[in-house]
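Below is one structure, written out as structure tokens, with a few remarks after it.
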Amino acid sequence: METLFIFLRGINVGGHNKIAMQDLRQMLTDLGFSDVKTHIQTGNIALKTQLKDKTAIASKIEQSILDSFGLNIPALVKTETELDLILQHCPFSETEKENSYFALLFDVATLNQVKALSDYKFPNEKFIILNQCIYLYSSVGYGRSKANNNFFEKN
């Protein structure tokens, strides 16, 4: 069985799209996944499965969330190897890595998207877009960062 990591977009944020983690774990177990673990209320999940098709797994989870909770929530599926590569390719120095974050994208950023975002500069922050990942360094912490998920979603 392979361990996969599932990232649900936009659940339990600001009182919206609420899903209890116990209910989510049960739903995933009922779908046939095993050793299901959730990280606090984030919608970040680790589970084991024999299934290999990540697109089919995401669709299965999305449909079950819609059926079970009435919510249309995108699911991103990553393997352990993919996450390891994301961490290994972090473009920041070892010191900066201590205050760095990353956001996963559903699709590879287009050249036009990268160019449009490259015009933005924020004090004490920098971000680099590589493939399906946005790497963010912020010396003031993510909570005070201007280049956060809301910024990238709007631009």
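Worth pointing out:
- Histogram of C-alpha separations across the range 89-154, 5 Å bin width, %: 4, 18, 30, 28, 16, 5, 0
- Farthest positive-ward along the range 89-154 dipole, Cα basis, beta-carbon charges - from 103, 90, 143: 143
- When the Cα atoms of the chain are aligned to their principal axes, the ranges along those axes come out at 47, 33, 30 Å in descending order.
- Averaging 1/r over each pair of different alpha-carbon atoms in the range 1-78 and inverting the result gives 12.3 Å, the Kirkwood hydrodynamic radius.
- Per residue, the chain reaches -9500 deg cm²/dmol at 222 nm when only DSSP H runs of four or more residues are counted, each adding -39500 (n - 2.57).
- Part-to-part distance (alpha-carbon centres) for the range 45-75 and the range 123-137, which is given in Å: 27 Å
- Checking every one of the trypsin sites (Lys or Arg not before Pro) in the range 39-70 against DSSP loop status and a limit of 12 other Cβ atoms within 10 Å picks out 52.
- Student exercise, the chain dipole from Lys, Arg, Asp, Glu Cβ charges, in Debye to nearest 20: 360 debye
- Once the C-beta distance of residue 26 and residue 63 is scaled by a Förster radius of 25 Å, the resulting FRET efficiency is 0.95 to the nearest 0.05.
- Here the contact order of the chain, divided by its residue count and restricted to Cα pairs under 8 Å and six or more residues apart, works out to 20 percent.
- Subset of 54/115; 78/126; 60/121; 60/126 violating a 32 Å alpha-carbon distance limit: 60/121; 60/126
Where a number appears in this text, it was derived from the coordinates with a stated rule and is not lab data. All values reported here derive from a predicted model rather than from experimental measurement. No Cβ is skipped: glycine too gets one built from the backbone with ideal geometry, and neighbour counts run over all protein chains shown.
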